[in-house]
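Below is one structure, written out as structure tokens; comments come after it.
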Amino acid sequence: MTEKPAAKAIEQNFLENYCSLRRLTIVQEITRGWSADKKYLVQNADGEKFLLRTTRSAEKFPYKQQEFAVLKTLEKLDLPLPKPLDLTCCKDCETICMLLSWVPGEDLEEGLPERSPEEQYHLGITAGKILRQLHTISAPDTLPCWGERFAKKIDRRIKAYTLCGVRLPHDEEILVYIAANRHLIQNRPQCFQHGDYHIGNMVLDENGTLGIVDFDRADCGDPWEELNRITWCAAASRYFAAGRIDGYFDGDIPENFWKLCLLYICSDMTGAAAAAVSLGEDEVAGVVQTARDVFSWFNDLNNPIPSWHPFGMNQTDGSYHL
């Protein structure tokens, strides 16, 4: 649907007034990422940088309020995360503005290949430790149990997958694995989740500090489910992926982790395939490649421990195996 010129003009006027009142100047629009939000790098007269996110739907204001409140809660962790500064809604143009502190650094996805395997691994360790700290934020007691919640999600994803017209390589084995292991989701704890924790939402500054961005998909659920995006990391760097797991568990991985993690990965792939249809051929091709990678890493889904993990930490002396 083509946007009405009047609505676009009202939105532009609101955005200009928003920045003017706060003495901010838009430096550039940020186009990376998959969020429907528009993102802008803005700065004040002193050159201090901020991130401005705009959402074109006033109906989403309660959800943005929740996101803002979550970011406020996360401030107490003293981690390199965006800090929430302002949240405003203009009902005239159906636009929400959220102003955040700027997390400096280059996209980790771009800078990681330039670093040595040891550096990649230790950055993964840091990412795993940060995620463990994020998971110290409790989920509300009013949430339904995880087994009930995620069982419904599995069913929705499989139904959407069967109707979407895309077929993943080895999808029969994927669906069999889900059916055989879905009981593992029972009696799992719940906590805060970033919602999209992977290498594409991480930045690295000139001092080597790893920052985490894009909390617009924040949710609550099983902390181990959040490790399903490890596939994105492993595709970029097996060393980083191994470090993420070792850092999260401090080198002491529970025996039941891998089978459950693979269940979450398989479930996520079915959902991603259905969602990719509306995003174009490139997205579909990416999901298909992930399925091929997963089938290879996990030995045709017969070994829940992926082939890239033995490149991780020596449990006795902390050294790195190349």
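The values are calculated or read from the model by the stated rules, or taken from the named source; none is laboratory data. This is a predicted model, so every value here is computed, not measured. Glycine gets a Cβ as well: all are built from the backbone with ideal geometry, and neighbour counts include every protein chain shown. All accessible areas refer to the heavy atoms of the entire protein, side chains included, with ligands and DNA or RNA removed. Shrake-Rupley method; radii C 1.70, N 1.55, O 1.52, S 1.80 Å.
The test for being more than 30 Å from residue 109 (Cβ to Cβ) and surrounded by 15 or more Cβ atoms within 10 Å (Cβ to Cβ) holds for residue 147. Scanning the range 136-175 for residues that are within 19 Å of residue 273 (Cα to Cα), among the β-branched types (Val, Ile, Thr) and free of Cβ contacts under 8 Å to residues at least 24 places away in the same chain yields one hit, 162.
When the residues of the range 9-34 are filtered to those that are part of a loop (DSSP other than H, G, I, E, B) and surrounded by 15 or more Cβ atoms within 10 Å (Cβ to Cβ), the one that is modelled with the lowest pLDDT is 33.
Pairing residues of the range 77-103 that are on the phi < 0 side of the Ramachandran plot and open to solvent by less than 40 Å² (accessible area, probe 1.4 Å) with residues that are among the hydroxyl-bearing types (Ser, Thr, Tyr) and outside any strand (DSSP E or B), at Cβ distances under 6 Å and at least 6 apart in sequence or on separate chains, gives 97/18.
Quick check on residue 297: is it over 23 Å from residue 163 (Cα atoms), aromatic (Phe, Trp, Tyr) and surrounded by fewer than 21 Cβ atoms within 10 Å (Cβ to Cβ)? For residue 297, the condition - over 23 Å from residue 163 (Cα atoms), aromatic (Phe, Trp, Tyr) and surrounded by fewer than 21 Cβ atoms within 10 Å (Cβ to Cβ) - is not met.
The sole residue among 99, 123, 81 that is over 12 Å from residue 215 (Cβ atoms), of a type outside the set (Lys, Arg) and not in a helix (DSSP H, G or I) is 99. Could you go through the range 42-58 and let me know if any residue there is in a strand (DSSP E or B) and open to solvent by 40 Å² or more (accessible area, probe 1.4 Å). Checked against the condition, which is being in a strand (DSSP E or B) and open to solvent by 40 Å² or more (accessible area, probe 1.4 Å), the range 42-58 yields at least one hit. Scanning the range 241-271 for residues that are of a type in the set (D, E, K, R) and either over 17 Å from the mean Cα position of the chain (by Cα) or surrounded by 23 or more Cβ atoms within 10 Å (Cβ to Cβ) (or both) yields 244, 246, 250, 252, 255, 259.
State whether one or more residues within the range 102-111 are under 25 Å from residue 269 (Cα atoms) and among the aromatic types (Phe, Trp, Tyr).
No, every residue in the range 102-111 fails to be under 25 Å from residue 269 (Cα atoms) and among the aromatic types (Phe, Trp, Tyr).
Residues in the range 104-134 that are under 30 Å from residue 15 (Cβ atoms) and of a type outside the set (D, E, K, R) were compared, and the one that is surrounded by the most Cβ atoms within 10 Å (Cβ to Cβ) is 108.
Report, ordered by the first and then the second residue, all pairs with beta carbons closer than 9 Å, sequence separation of six or more or different chains, a first member in the range 20-40 that is closer than 15 Å to residue 201 by Cα, and a second member that is loosely packed, with under 13 Cβ neighbours inside 10 Å. Sorted first by the residue in the range 20-40, then by its partner, the pairs are 39/29; 39/31; 39/32.
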